[in-house]
Amino acid sequence: MRACITKTYVDDALVETLINGKSLDDIGPSDLLYYIGNTESAIKKLADYDSNKCKFIVQETKRLSKFVDSLYVILDSKFLESKYQ
């Protein structure tokens, strides 16, 4: 599953953030929630397999969980209304 966040820095300043190849500036909160939902669904599907037989399942579950956590942080930092901060 494609679950990738790419940050571009120029002179130690963040210039661009891409989520699955799309610029964060072009992504709305509903898109982020869509990515989160799809990724959490994939994590649940991986949980159906026996992780003792395959280390890849453990590795992929950790990677996808980290992606979801990062998306929640981005969602809060970009779209949280000031009265909730």
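Computed from the coordinates by the stated procedures, all read-outs in this text should not be read as laboratory data. All figures in this text were calculated on a predicted structure; none of them were measured in a lab. Methodologically, a virtual Cβ is constructed for each residue, glycine included, from the backbone with ideal geometry; neighbour enumeration extends over all protein chains shown.
Summarising the label geometry, the points placed 7 Å from Cα in the beta-carbon direction at Tyr9 and Asp31 lie 2.4 nm from one another. Counting only alpha carbon atoms, the long axis of helix 29-47 and the longest principal axis of the chain meet at about 10°. The lysines within cross-link reach of Lys7, meaning a Cα-to-Cα straight distance under 17 Å and a gap of 8 or more places when in the same chain, are Lys22, Lys66, Lys78. Multiplying the residue separation of Asn38 and Glu81 by 0.36 nm and removing their Cα-Cα distance gives an extension gain of 13.0 nm.
Label positions at Gln59 and Thr17, each projected 7 Å from the Cα along the C-beta direction, are separated by 2.7 nm.
In the chain, the longest principal axis of the Cα atoms and the axis of helix 55-79 are about 20 degrees apart.
The shape of the range 1-69 comes out oblate: with a ≥ b ≥ c from the C-alpha gyration tensor, a/c is at least 1.5 while a/b does not beat b/c. Modelled spin labels at Tyr49 and Lys66, positioned 7 Å past Cα toward Cβ, are 1.8 nm from each other.
Straight-line cross-link reach from Lys45 at under 13 Å between alpha-carbon atoms covers these aspartates and glutamates, not counting any fewer than eight positions away in the same chain: Glu60.
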